[in-house]
Each structure stands twice: as structure tokens, then as C-alpha cells.
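Derivation of every value follows stated rules applied to the coordinates shown; laboratory data play no part. All values derive from a computational prediction rather than experimental measurement. Here the Cβ positions follow ideal geometry from the backbone for every residue, glycine too, while neighbour counts run over all protein chains shown.
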Amino acid sequence: MQNVFEELPRSGRVAVVRLRSLGDCVLTTPALALLKRARADLRVAVVAEERFHAVFEHNPDVDEILLPDRQALRRWQPDLCLNLHGGTRSAWMTLVSGARWRAGFGHFRHRFVYNVHIPRAQEILGVDRTVHTAEHLASAIFYLGAPVAEIPRARLELSETPAAPARQYAVLHPVATAAEKSWRAERFLEVAHTIEASGLEAVFIGAADDDLRPFGRHRLVRGAPLDRIKTLLAGASLFVGNDSGPAHMAAAFGVASVVIFGPSDPAIWGPWRTRAEVVTAPGGIACVTVAQVTDALERLRVHA
């Protein structure tokens, strides 16, 4: 492994480029924790789109959050720029960062941008299996010089301690970015009925442009800022939803979770380090039954 960390100056600066998406941002936080654990003196900036800044806010492993802007990155004057995204935009940002060390995975496009080429996670971790995204991202930190260690849970921090809820509740996220990742609304409603029969309130969440009308008899949180969603998930007793960013947020708070998968591989994208059940079906998400999900709920045994 190339020990770049040994060569970085005392109180040196690191820029971690993490564009898109919500789940990727959440699963970057274990890598940031390992980075700071290895070199607590380093000042770390995360380059992320503004809509995801709340993922990194109040995190003690992050010193600055930068917009994906070339001038902002150059003003940071990083000694090391680590690209964890790999797309064209992030590659060019890495190139113009002014950093002495420009690191990216060996399979990234625009290979010439990087003077530190990170090998496959399996090679770094010494395993011959599919690796989780949290492991993949953390492996870059190990390659750069951090001691190989257990990869922690993702970390989300709140701006203040929330008040205790008047009633225990479950958060349900019934939407996703693609139809093949979305379980049917009427099945979510059946699951909500089971959850409420156990004594928990069912709270449905979605983005401003998501159609939550089928769930109107329940409490809805639609189009809320990401910081509010963090607080809501932190106080939940249970999460049930499609494979999506909020599922990773729930896992970061250690919330017991049932996550319904379509085409994505749960070995790569499943809930990381929380008590969880993953539900799949050979024919895709449309073939997942209500009984599969309620059986998973029973195994988790979460009640009011």
C-alpha cells in the first residue's frame, strides 16, 4: 500500500470529493472516521452538492463542507485530493485542485488525472467476495496509509438533541428513484396497518415531488429539509422502505430496518451495521409479498 498519510505535512489539508447521491454520501462517513482516526491533525473538507450538505454537518470528522466549485476547492489548498466519485466532473475538479497527491480508484475514467491509483477493495482488504460500498470507500483510506481496522457504522450528527416523541413511531419510505426500485403503494399500506397494530405510529416520508397521496390517512412528512429527516429518523423505532438514501440514514442511527430491494445487490447496498432484514424476490420488487415484509418485521420484534 502507498502510505501517503506518512508524507502529508502536520495539519495538512485533505479534500474528499463525493458527488451524488444521498446513500453514497452517508456511506462515505465511515471512511472519514477512519481518516481522522489515522491522522487527527489533518483538516478534512468534503466536496458535495449543497442538497447533501446536511449529511456532513456537525460531523467532527469534517472540518469544512465545500460546494463542487473549482475556486472553492483551490481556495482550500489541499495537499491530498481524494476522489470517491469517479465521474468526469469530479475528475476534472481533482485535476485542478492543486493538490500534490491526487488519488482515485484504478478503474476510474480519466486515469491520467491521478498520481495515486487505488487498487480494488478486494485486494486492499485481502478478500475474495463482493464488498459493501462502505468497505469499498473505506479501502481507499487503508490504501493511503490508515491501519486496516473494523469499518464503523455510518455517522450522522444532529444540530441539537431532539425532544422525546409523544408516541413511538416507524418511518416508512415508499418511493425510490426508479420504478423497478419501488414497492407498490397498497402493499406499504398493508404493512403500515401491521405496524400500527403493534402500537407504533406509521410516518411516511418523501421528497417534494413524490406522490404520497395514497398514504394520506397517515402522518406525512413531504419535502422536508434533509436536516429534519435526520432528526425524524434518529428518533424512530423502526424503518421500512425501498432501497434508497433514507434507508442508509436510518442505518447510520442504528434504527432497526426492513429494506425492500429490486435490482440492486444487497451485498453492496444493504443496511450497514444495524439490525436489519433485507427482502428480495427472484422476479424483482413487484414480486415481493406483504407476508415477506411482515415476517421480517416479526423477526425484528420491534413494538411500542
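Among the listed options (1) 19.7, 63; (2) 20.6, 69; (3) 20.1, 59, the one matching Rg and Dmax of the Cα atoms in Å as calculated from these coordinates is (3). Taking the chain as a Gaussian network of alpha-carbon nodes connected by springs under 10 Å, the highest mean-square fluctuation of the residues Ser139, Ser90, Ser159 belongs to Ser159. Going toward the positive end of the dipole of the chain, with +1 on Lys and Arg Cβ and -1 on Asp and Glu Cβ, which of Ser11, Thr88, Val47 do you reach last? Looking along the dipole axis, the top candidate is Ser11. For the range 109-224, treating each Cα as an identical point scatterer without solvent, what Debye log10 I(q)/I(0) comes out at q = 0.10, 0.17 1/Å? Taking Cα atoms of the range 109-224 as identical point scatterers yields -0.58, -0.94.
Calculated [222 nm] ellipticity per residue, helices only, for the chain: -9000 deg cm²/dmol; basis is -39500 (n - 2.57) per DSSP H run with n ≥ 4, divided by all residues, nearest 500.
Each residue of the range 195-207 was assigned a 3J(HN,Hα) from its phi angle through the Karplus curve 6.51 cos²θ - 1.76 cosθ + 1.60 (θ = phi - 60°); the sequence is 4, 5, 5, 7, x, 8, 7, 9, 10, 9, 10, x, 6 Hz, with glycine and proline shown as x.
Remark: C-alpha extents of the range 53-132 on the principal axes read 40, 32, 20 Å, sorted largest to smallest.
For Glu277, nonlocal amide neighbours, meaning residues 5 or more places apart or on other chains whose placed amide H falls under 5 Å from its own, are Ser257, Val258, Val259.
Restricting attention to the range 173-252, which trypsin sites (Lys or Arg not before Pro) occupy a DSSP loop and are surrounded by at most 15 other Cβ atoms within 10 Å? Taking the range 173-252 and a limit of 15 other Cβ atoms within 10 Å, the loop trypsin sites (Lys or Arg not before Pro) found are Arg184, Arg217. Across the range 198-304, counting alpha-carbon atoms alone, Rg and Dmax equal 13.6, 36 Å.
Farthest towards the positive end of the charge dipole of the range 4-144, among the residues Ala134, Leu73, Pro30, is the Cα of Leu73, using unit charges on the Cβ of Lys, Arg, Asp and Glu.
In a reduced charge model with +1 at each Lys and Arg Cβ and -1 at each Asp and Glu Cβ, the chain shows a dipole moment near 560 debye about its Cα centre. Computed from point charges on the beta carbon alone (+1 for Lys and Arg, -1 for Asp and Glu), the dipole magnitude for the range 4-144 about its Cα centre is near 380 Debye. In order along the range 282-290, the phi-based Karplus estimate (6.51 cos²θ - 1.76 cosθ + 1.60, θ = phi - 60°) of 3J(HN,Hα) comes to x, x, x, 5, 5, 8, 6, 9, 4 Hz; Gly and Pro are listed as x. Its Cα centre serving as origin, the range 176-295 has a Cβ charge dipole (Lys and Arg +1, Asp and Glu -1) of approximately 260 debye. With the convex hull of the Cα atoms taken as the outline of the range 4-144, the averaged projected area works out to 7.6 nm².
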